[in-house]
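In what follows, a structure is listed as structure tokens, so that the remarks can point back to it.
The values are calculated or read from the model by the stated rules, or taken from the named source; none is laboratory data. Because the structure is predicted, anything quoted here is derived from the model rather than measured. Glycine gets a Cβ as well: all are built from the backbone with ideal geometry, and neighbour counts include every protein chain shown.
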Amino acid sequence: MDDARAQLADDGTVRIVAAGHDWFGPARADVADGVVAEVDERDGIAVLRLRAERDLTGLATGEFIRPAVAWRFAPGERDHELPGATAFGYQSCEFALPTFSDTALAQWFLLPHRPAVVWPLWLTIPDTGTLLLAPLGHFHDQVVAVGTGDGPVWGWHGDLDQVDAGFATELAVISGDGPRACLERWANLLPRRQRSRYADVSLRRPTYWTDNGAAYWYRTEPGHDVTGTLEATVADLRDRDVPVDAVQLDSWFYPHETLRPFDTDDWVVPPTGMMRWEPRPDILPDGIAPLRARLGDPPLITHCRHLSAASPYVDEFECWVDGDRAHPKTPALYERLLDQAVAWGVQVFEHDWLVECFFGVRGLREAAGRAHAWQAGIDRAAAARGVTLQWCMATPADFCTAAGLDQVTSIRTSGDHGYIASPEMLWAWFVYTNALARVLGLTPYKDVFISSGEHAEIEALLSVLSTGPVGIGDALGRTDASVVARTCRADGMLVKPDVPVAAVDRAFLQHGVARPEAIVAEATTTHGAGTWHYVLSFNAFRQGEPETSRVLLDDVGVRGDVVAYDWRTGTAEVLGPGDGWDVDLPTAGWDYRVLAPVLPSGVAVIGDTKLFAPAGDMRIADVAATDRGARVTVLGAGERVQLTVWDGGLRTVDVDVPPRGWTVVDV
């Protein structure tokens, strides 16, 4: 699709035009005295700008979604209807809920306890292209409000009360052939850090978690206290050669304003803030060090949440206070907590409830830049102490800010396992929001899963295809070692794709939870001989009806010949451009194919099909085409690996990897 153009009318209204369509209707500036509204075009992107000419105070309207400084779009005044258009975006709420609307952009499905704010958002016209709206900076200081009863309103959020002279925000209007291309084009304009998929202990080997959805979130094994429960469980995992490394301690280990009791049938997540980041004396009377010692001194991942106004920290550290919530004005409190973390053997600091920090304390929102300073301060403090960070319950603003931070090595991209939504709805949430995380260079975390549960195989598959943590949370003796083994080598090293699994463009035309459409998502591994695609299709339709669909190579961007290996049945077929396969999916049903490129010799190397990611770079370091087939570099350590190869039919090749950790074989 051609580039978006901003057409300025004599009355000051602006229309965004691309492919001959007026996409959002006229946009009109609505600004306070001392603010200038501007329109620009650069590098094929239309840009709306709001800029303060002097220091300003008293801007707040008292309502977050009601900006005093804004551009207001009027889709109802478009020059013409948009044929078959659909709208999609991410709500400003925990885990960036993926949501949809009608063409009028007025009927969004939203979590009612969070603001009616959606960005990035876009419209797609089938067979034409996509137009996306997204900010270019100051992510916490602006909104695209959709709860106005009319069209989207972009501007400085209604709690922003003061800005300095020169403060400016920009909204990019970006065109592309589809949603993923637009998201990538937008993300290329933002600060992003390079980060490894194996950057810390949470990303290298399977981990054991005790958060919401796990067996021991506020629960103990009968006959054991908390320490005895975790000691017995971790010891059992080691005895059965389940290669679990780090152990996560969730919110249960420190006191909140409202204490949640252990071993109750009540499953409400207490929203009250943290009192102290210290072990609860009724749960861990001896502290963290003895617990860790009894676990065998594993690296720890520890949870932190928003602060209660009743916390003694409020008297010790300068804070903003808003009702029952508080938030520190400087990084000093986080520096204290991270010093404690280092002393305890913590290597990953999980900051949860980010959304509550931001929306819970008005002082954090009253002046431009405060939220960014909060998160950048944590990042600097963590870097100085050699600790990495996981973000949880993040909004799109947190996602974009994290993309420019050094220590955030993973970010949760769906709701809690086993909580509120059905499993398939959470899978949909995950792959849709991963499309946002992926372009920003962030590593998603699917959340804990139960390896012995009803949906264990797809939960483990999604976990490893995320490229993020693979976190299990089974009860004592219940872990299915065979499921965990499909995520990693014998030494526990996770075998992942190069990029996180994410919904393809086709999946964004209709939200697969609201409409009877199979959701298709993909991840890839690239070697010298080409790119391997991992293609997952599943049924998340909320009405529980079966779905029949056809997945095309075009859906996942495959243009050449491939061998399509059906991972679940162990069968394969050669497919060429324009080909595909049919899927019949019951409720929560899924289909998984590995697409391996056919090399000039006619050979295709599928990889180690005992793994979910058979060609992942920690098992297959490289595949190079040869005259007669392929040269494959196989990783491992003193183990036998069975490679699956196609050369007119499927066959296997046994490869013994010596203790040095690698070998090369010709197939």
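The table that follows gives values for the structure above.
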item	result
Near pairs, Cβ below 6 angstrom, 6+ apart or cross-chain, from the stretch 1-29 (in contact (Cβ under 8 Å) with a residue 60 or more places away in the chain) to any residue that is of a type in the set (S, T, N, Q) and part of a loop (DSSP other than H, G, I, E, B)	19/128
Residue 591 vs. criteria touching a helix residue (DSSP H, G or I) at 6+ places or on another chain (Cβ under 9 Å) and more than 30 Å from residue 491 (Cβ to Cβ)	no
Filter pass, residue 166 being surrounded by fewer than 20 Cβ atoms within 10 Å (Cβ to Cβ) and under 16 Å from residue 46 (Cα atoms)	no
Top-ranked residue of the stretch 416-437 - restricted to ones that are touching a helix residue (DSSP H, G or I) at 6+ places or on another chain (Cβ under 8 Å), at pLDDT 95 or above and not hydroxyl-bearing (Ser, Thr, Tyr), ranked as surrounded by the most Cβ atoms within 10 Å (Cβ to Cβ)	431
Single residue of 427, 374, 344 found to be among the hydrophobic types (A, V, I, L, M, F, W, C) and either closer than 22 Å to residue 499 by Cα or touching a Pro at 6+ places or on another chain (Cβ under 6 Å) (or both)	427
Which numbered condition residue 227 misses (of (1) touching a residue at least 60 places away in the same chain (Cβ under 8 Å); (2) among the β-branched types (Val, Ile, Thr); (3) part of a loop (DSSP other than H, G, I, E, B))	(3)
Meets criteria (assigned to a strand (DSSP E or B) and modelled with pLDDT under 95) for residue 41	yes
The stretch 306-330 residues that are touching a residue at least 60 places away in the same chain (Cβ under 8 Å), paired with ones that are outside any loop (DSSP other than H, G, I, E, B) and among the charged types (D, E, K, R) (beta carbon under 6 Å, 6 or more apart)	none
Hey, residue 150 more than 27 Å from residue 56 (Cα to Cα), at pLDDT below 95 and touching a strand residue (DSSP E or B) at 6+ places or on another chain (Cβ under 9 Å) or not	yes
Residue identified as modelled with pLDDT of 95 or more and more than 22 Å from residue 212 (Cβ to Cβ) among 448, 464, 504	504
Whichever residue in the stretch 632-644 is at pLDDT 95 or above and farther than 14 Å from residue 527 by Cβ and, among such residues, is surrounded by the fewest Cβ atoms within 10 Å (Cβ to Cβ)	640
Among residues of the stretch 598-629, those that are assigned to a strand (DSSP E or B) and surrounded by 22 or more Cβ atoms within 10 Å (Cβ to Cβ), counted	6
Flag if residue 205 is at pLDDT below 95, in contact with a strand residue (DSSP E or B) (Cβ under 7 Å, 6 or more places away or on another chain) and outside the structural domain of residue 71 (by TED's automatic domain parsing)	no
Any chance residue 347 is over 15 Å from the mean Cα position of the chain (by Cα), farther than 23 Å from residue 160 by Cβ and touching a residue at least 24 places away in the same chain (Cβ under 8 Å)	yes
Among residues of the stretch 62-105, those that are touching a residue at least 24 places away in the same chain (Cβ under 8 Å), more than 26 Å from the chain's Cα centre (by Cα) and either under 17 Å from residue 26 (Cα atoms) or crowded, with 24+ Cβ neighbours inside 10 Å (or both), counted	16
Criterion (out of contact with any His (no Cβ under 7 Å at 6 or more places or on another chain), buried (at least 24 other Cβ atoms within 10 Å of the Cβ) and in contact (Cβ under 8 Å) with a residue 60 or more places away in the chain) met by exactly one of 521, 529	521
Residue in the stretch 269-290 that is in the same structural domain as residue 215 (by TED's automatic domain parsing), at pLDDT below 95 and on the phi > 0 side of the Ramachandran plot present	no
Flag for residue 581 being crowded, with 20+ Cβ neighbours inside 10 Å and either at pLDDT below 95 or among the aromatic types (Phe, Trp, Tyr) (or both)	no
Test set (1) hydrophobic (A, V, I, L, M, F, W, C); (2) modelled with pLDDT of 95 or more; (3) in a loop (DSSP other than H, G, I, E, B) - residue 232 fails condition number	(3)
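Rundown of residues vs (1) among the small types (Gly, Ala, Ser); (2) closer than 27 Å to residue 124 by Cα, yes/no style:
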position	(1), (2)
2	no, yes
11	no, no
18	yes, yes
33	no, no
41	no, yes
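Quick grid of which residues meet (1) free of Cβ contacts under 8 Å to residues at least 24 places away in the same chain; (2) in contact with a His (Cβ under 6 Å, 6 or more places away or on another chain); (3) buried (at least 17 other Cβ atoms within 10 Å of the Cβ):
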site: 361; (1), (2), (3): no, yes, yes
site: 364; (1), (2), (3): no, yes, yes
site: 375; (1), (2), (3): no, no, yes
site: 386; (1), (2), (3): no, no, no
site: 394; (1), (2), (3): no, no, yes
